[in-house]
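K.L.:
My structure is below; once you've seen it, I'll send some questions.
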Amino acid sequence: MEVNQYLEMFIDESKEHLQACSEHLLELEKNPEDLAIVGEIFRSAHTLKGMSATMGFEDLADLTHKMENVLDAIRNEKIKVTPEIFDVVFESVDHLEEMVMDIADGGDGKRDVQSTVEKLKRIESGETALAPITALSSAIAQQAATTISADLQLTYDDFERAVISQSIEQGFVAYEVAVTLREDCLLKAARVFMVFEILEKNGDVIKSSPTVDILEEEQFDQIFRVAYITKESAEDLQKKLMKVSEVEQVIVTAITDMNYIAETVPQQEDTSQNVSTLPAAKQEVGAQKSQVQTTNAKSNGHTSSKTIRVNIERLDILMNLFEELVIDRGRLQSISTEVNHLELNETVERMSRVMGDLQNIVLTMRMVQVETVFNRFPKMVRQLSRDLNKKINLEIIGAETELDRTVIDEIGDPLVHLIRNSLDHGVESPEIRRAKGKPEEGTVQLRAFHSGNYVFIEIEDDGAGINRDKVLAKAISKGVVTQEVANTLTDKQINELILASGFSTADVISDVSGRGVGLDVVKTTIESLGGNISIESTQGVGSVFSIQLPLTLSIISVMLVEIEKEIYAIPLSSIIETSIIRNSDILNAHNQKVIDFRGKVVPLVFLEEIFDVPRNEGKDDEFHSVVIVRKGEKLAGLVVDSFIGQQEIVLKSLGNYLSNIFAISGATILGNGKVALIVDCNALMK
């Protein structure tokens, strides 16, 4: 078997099992007497161990095995869970996650975990101060200790007997192979895999006892049997199998008499499992397998899975092809308008509707639940709470909210930074909270929800809030604002000063929150995604950090504008409205041209000056077209020559060579084949 073809599946499933371990461990920490939770963690660890051994990642399998031993001792009531044990098990899961990530990055998954292994061994042996726990009930204990038993006698149904009979007639030899592993064998599933790998190179495995799924779960003693068809001699087969490490004995018995084969037909469930072990049988074997599995699924009242795993690279390719279609759609619409042919117009209109539906489906396929990011935070909060000697409860709301995968990939680090900031600067210590009349345990709430074409992610804490005077004093000393400007700032503007580069109110720089860098990195990342961040805070009550993000980044709606003969695209998400103004409406304030827009003073930005657009001499229009854009609470008016109209466009990168052009976030190809640059409104308003 070529294991590399299963590597991606192994990585995905390993991450799922480790995430399940983390979630159940957090749950168990709150309910340490619940053995059912221990069983769930044990099953995830056990499956991960078998998978790792099968794939040849022995270090990963060995650490999981040691952790599994501790979990087994807990569920069999030999030891009692304590905070110290939780710390070691969490430490083990952290190591396992690092090893899986290393494998995902092309590494071998090796990591120095000797100290953790030693801790697990001491816990298992009872060397630490672990008190025996009182039995919850003899029934629970008995259930926890129960293992799956299996009758090792190989029995065959009519189909399997027919396969063996036909194989013998065609010159093959049929064997029953009994393999005994050593009693001290640690990774039984790995040895079973090695045995099957040897067998499958030179023949076909018809069935096994116990069944393959039980062998993978290691729910058997030392012996397993295999029905096998090959052209090899019994002696050669025995020699090859005895070379497998930790195999103690191999007995090969030839099946020559058809009456020797038992005619007992196993139960339907066993039949499906046994038939599914055929690795390389003939077409009729595969057909029978499919038929039996389908029948079994129906008989158990289950439906087949409605989901499949798709490599994200394939979705990226699909998205790129669809983006080309969007460009061609714009071209066809442009041609249709010029030609003004009835049937062509109808066809283009219908194609546009169909492509609109297709666009929704393609974008939906790329959507990922924010749960994939949120899942990492409970364990992080637990550890940081202990490091800071604080009691903090993390509440997660709206984890099922979906975002485009490209946004999901980028949003993780900013959220980590904000949550660390809430834990370090926001939530007070238990002593201070008691003195203020608050509960000792602080609460940090992480929530996500949709609103229009945006997703909002909010981090709220019930901590000390932002100290207005301290922030202002720091901002003035750092030169972020002057004393005169500071006197005019609103509370919201003062709060957002903490997003300035290098700003930090921490008396001692720690490794928990900003690390002396401030939150400007968070702000920059979010704005690069086309979003924005705002802060609301009440001193002594708490703070709310609100992040607004677009649902997708690849296809966006824009307003096309013209300056001389050049066309620019302004994202609709930044636009409040468009307006026509007279020269006489333009005022001067502090050497800046401004207008009065609905009672607010709005500065004007002449794009022809920003982008150095060459002007025709003597052109001095009385009227100007203005696009009013917003960034948070800031407004600006972008002055252009004329408006072309709204359009959906495909956002294309300018590449590394043109990556640092001021106020340009990308480009798009229009329906007439021309390239339009996309204006970065956030950069213009800094």
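The values are calculated or read from the model by the stated rules, or taken from the named source; none is laboratory data. Just so we're clear, the structure is a prediction, and the values are computed from it rather than from any experiment. Every residue, glycine among them, receives a Cβ derived from its backbone with ideal geometry; neighbour counts consider all protein chains shown.
K.L.:
Considering segment 399-441 alone, what residues qualify as being without any contact (Cβ under 8 Å) to a residue 40 or more places away in the chain and under 12 Å from Ala464 (Cα atoms)?
P.N.:
Val427, Glu428, Ile432, Arg433, Lys438
K.L.:
Could we say that Lys474 is free of Cβ contacts under 8 Å to residues at least 60 places away in the same chain, charged (D, E, K, R) and surrounded by fewer than 17 Cβ atoms within 10 Å (Cβ to Cβ) here?
P.N.:
Spelling it out, it is not the case that Lys474 is free of Cβ contacts under 8 Å to residues at least 60 places away in the same chain, charged (D, E, K, R) and surrounded by fewer than 17 Cβ atoms within 10 Å (Cβ to Cβ).
K.L.:
Look through segment 652-682, keep the residues that are of a type outside the set (S, T, N, Q) and at pLDDT below 80, and return whichever of them is surrounded by the fewest Cβ atoms within 10 Å (Cβ to Cβ).
P.N.:
Result: Tyr657.
K.L.:
For segment 185-215, give me each residue that is within 26 Å of Arg161 (Cβ to Cβ), among the acidic types (Asp, Glu) and within 37 Å of the chain's Cα centre (by Cα).
P.N.:
Glu200, Asp213
K.L.:
Another question, then. Given the conditions (1) in contact with a strand residue (DSSP E or B) (Cβ under 7 Å, 6 or more places away or on another chain); (2) at pLDDT 85 or above, which single one is not true for Thr538?
P.N.:
With (1) in contact with a strand residue (DSSP E or B) (Cβ under 7 Å, 6 or more places away or on another chain); (2) at pLDDT 85 or above applied to Thr538, the lone miss is (1).
K.L.:
What residue, of Val427, Val444, Val455, is under 17 Å from Leu403 (Cβ atoms) and either surrounded by fewer than 22 Cβ atoms within 10 Å (Cβ to Cβ) or in the same structural domain as Asp520 (by TED's automatic domain parsing) (or both)?
P.N.:
Val455
K.L.:
Same structure, new question: For Glu27, work out the one condition from (1) touching a residue at least 40 places away in the same chain (Cβ under 8 Å); (2) more than 21 Å from Arg111 (Cα to Cα); (3) within 22 Å of the chain's Cα centre (by Cα) it doesn't fulfil.
P.N.:
The failed condition is (1).
K.L.:
Same structure, new question: I'd like the full set of residues that are in a strand (DSSP E or B) and surrounded by 15 or more Cβ atoms within 10 Å (Cβ to Cβ), limited to segment 580-592.
P.N.:
Ile581
K.L.:
Can we say Lys523 is modelled with pLDDT under 85 and of a type in the set (Lys, Arg)?
P.N.:
So Lys523 fails the test.
K.L.:
Is one or more of the residues making up segment 386-397 in a helix (DSSP H, G or I), modelled with pLDDT of 90 or more and in contact with a helix residue (DSSP H, G or I) (Cβ under 6 Å, 6 or more places away or on another chain)?
P.N.:
Scanning segment 386-397, I find no residue that is in a helix (DSSP H, G or I), modelled with pLDDT of 90 or more and in contact with a helix residue (DSSP H, G or I) (Cβ under 6 Å, 6 or more places away or on another chain), so the answer is no.
K.L.:
Oh, and also: State yes or no: is Arg353 assigned to a helix (DSSP H, G or I), under 23 Å from Gly412 (Cβ atoms) and more than 23 Å from the chain's Cα centre (by Cα)?
P.N.:
No; evaluated as a whole, the condition is false for this residue.
K.L.:
Something else: Just to be sure before I move on: is Ile214 surrounded by 14 or more Cβ atoms within 10 Å (Cβ to Cβ) and at pLDDT 85 or above in the structure I sent?
P.N.:
Answer is no for this residue.
K.L.:
Do the conditions hold for Ala36, that is, is it in a helix (DSSP H, G or I), touching a residue at least 24 places away in the same chain (Cβ under 8 Å) and either more than 15 Å from Ile85 (Cβ to Cβ) or not assigned by TED's automatic domain parsing to the domain that holds Leu186 (or both)?
P.N.:
no
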